[in-house]
Number of protein chains: 2
Amino acid sequence: MRQRARARLYVDDDLGDGLTVGLAAAQAHYLRHVMRLAPGDVVALFNGRDGEWHARVDGFGRGWCSLVIERQTREQGAEPDIWLLFAPIKRARLDFLVQKAVELGASRLQPVMTRHTDVKRVNVERLRANAAEAAEQCERTTLPAVDEAQPLTAVMADWPSERRLLLCAEAGSAQPIHDILTAEAVSGSAAVWAILTGPEGGFDPSELDALGKLPFVTPVSLGPRILRAETAALSALVCWQSVLGDWHSDRV
Amino acid sequence: MRQRARARLYVDDDLGDGLTVGLAAAQAHYLRHVMRLAPGDVVALFNGRDGEWHARVDGFGRGWCSLVIERQTREQGAEPDIWLLFAPIKRARLDFLVQKAVELGASRLQPVMTRHTDVKRVNVERLRANAAEAAEQCERTTLPAVDEAQPLTAVMADWPSERRLLLCAEAGSAQPIHDILTAEAVSGSAAVWAILTGPEGGFDPSELDALGKLPFVTPVSLGPRILRAETAALSALVCWQSVLGDWHSDRV
């Protein structure tokens, strides 16, 4: 009987029948000392290109682990094309935002610096490590792209005009997000989408004015309660996935 | 010119013109030493019954603060009638689940013990404190009811049969949650709803069998990725609010 994978890891290496994969210290430590795996145990591997493969632990050494790939368990998949642009927030909630955005299938994460963003520096390597861990856990075969933080103005200046942007603006006269998304689904438009959420302090009125003038921006409302920045981002992703993304029966 | 409230607090006291409210140590400390308020500063108060009122700090003492209520700033509101039943999870993510569920407008939180729930004890007072803090922050005028943990079997045995239950089951043949909710919206049914999510280990097959036989239970799917327990709960709440709750234009 085939063994179940005891762990699931993202690796850079090419994956294919009979290939050997060597893990560096952190992942080797995780398998040996956290998961307590032994030679012969099975691990699932993915690299974002070759699907998911089962590999057997061949040996452990000081700061390394070697695995021999046995068989492909899943074809390479793809997440829906949905970007999340977000003003960085304080560390614990930012980690959380990234993890949940990966579970919810975001294909790209772009931190944007806004007027009221009080986080000065974004550790993108930390965000990428968080994203990889979340992808391992939620069984994606992909990692999202995680971009370096950029000023919102710069991102808007270079914006691909065919991509529509859902602006999660507190209050205001925005239409409910569900109305916007269902109208889009009915229209059968093939538009691609992104979501933009602000910092704890919200967007500056001047930012909202400028965004409102951009032809690809659609402001949406997320109900009457005041949502924290990370809650707004995840809520918009959930709505998008449920109506236009791969949660929807017509699209699964 | 009227001052803006520097803080927003849930209190038990009755609220009305000219009444005096005395805060106990924790809230007094928060206003004085965390928010650095001084006598004369304005605080928003709500108690879940009398709407929201602005009150002025009258004085601080050792472990207390007195406020004089000046005027009502909001009528008493109500959240949509949506219950969240959830198997308790580890502390940090449970705190997070409760906070987000309050932001997302849950009217009742019911921890349920399932077969694979590995959390043995739930500190309901801690959940209630978290819920109150989240209600202060998201500007609800209500607190959700937070019940003592009960076995899932007991909750199902006493279930009010007119309330429908969305069962967030991983995988399986469940219909997408959005299809179920939009069909309900179209039907114009006046049903009331609850959401049930399982523990990290998922429901036991015997639990899913038993739940599937209950006439008020509708299993729903939340897409192809494996969602953590708290992500599933929040996603289901978001979908419900956006289609049947107060995020929806026809219902706001």
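The values are calculated or read from the model by the stated rules, or taken from the named source; none is laboratory data. Nothing here was measured: the structure is a model prediction, and the numbers come from that model. Ideal geometry is used to build each Cβ from the backbone, glycine not excepted, and the neighbour counts take in all protein chains shown. With ligands, DNA and RNA removed, areas are computed over all heavy atoms of the protein, side chains included. Shrake-Rupley method; radii C 1.70, N 1.55, O 1.52, S 1.80 Å.
Annotations
- Exclusive hit being open to solvent by 60 Å² or more (accessible area, probe 1.4 Å), farther than 25 Å from A:Val102 by Cα and within 14 Å of chain B (Cβ to nearest Cβ), set A:Ser187, A:Ser173: A:Ser173
- The single condition among (1) open to solvent by 50 Å² or more (accessible area, probe 1.4 Å); (2) not in a loop (DSSP other than H, G, I, E, B) that A:Arg49 does not meet is (2).
- Taking (1) more than 14 Å from chain B (Cβ to nearest Cβ); (2) in contact with an Asp or Glu (Cβ under 7 Å, 6 or more places away or on another chain); (3) of a type outside the set (Asp, Glu) in turn, A:Pro224 satisfies each apart from (1).
- Filter pass, A:Asp118 being assigned by TED's automatic domain parsing to the domain that holds A:Pro215, touching a residue at least 12 places away in the same chain (Cβ under 8 Å) and not in a loop (DSSP other than H, G, I, E, B): no
- One residue from B:Glu103, B:Glu133 being in contact (Cβ under 8 Å) with a residue 24 or more places away in the chain, within 14 Å of chain A (Cβ to nearest Cβ) and in contact with a Cys (Cβ under 8 Å, 6 or more places away or on another chain): B:Glu103
- The condition (being closer than 14 Å to A:Cys168 by Cβ and out of contact with any Ser or Thr (no Cβ under 8 Å at 6 or more places or on another chain)) is satisfied by just one residue among A:Leu244, A:Leu196, A:Leu227: A:Leu196.
- Test: residue in the stretch B:11-21 that is in a strand (DSSP E or B) and either of a type outside the set (Phe, Trp, Tyr) or at pLDDT 95 or above (or both): yes
- Hits in the stretch A:73-123 - residues which are of a type in the set (A, V, I, L, M, F, W, C), open to solvent by 60 Å² or more (accessible area, probe 1.4 Å) and under 30 Å from A:Asp17 (Cα atoms): A:Ala78
- On inspection, A:Thr182 passes the criterion of being more than 28 Å from B:Glu200 (Cα to Cα), of a type in the set (S, T, N, Q), within 10 Å of chain B (Cβ to nearest Cβ) and open to solvent by 20 Å² or more (accessible area, probe 1.4 Å).
- A:His33 vs. criteria of a type outside the set (Val, Ile, Thr) and either loosely packed, with under 15 Cβ neighbours inside 10 Å or assigned to a helix (DSSP H, G or I) (or both): yes
- Positions within the stretch A:193-218 being within 14 Å of chain B (Cβ to nearest Cβ) and modelled with pLDDT of 95 or more, in sequence order: A:Ile195, A:Thr197
- Filter result for B:Gln76 (within 11 Å of chain A (Cβ to nearest Cβ) and of a type in the set (S, T, N, Q)): no
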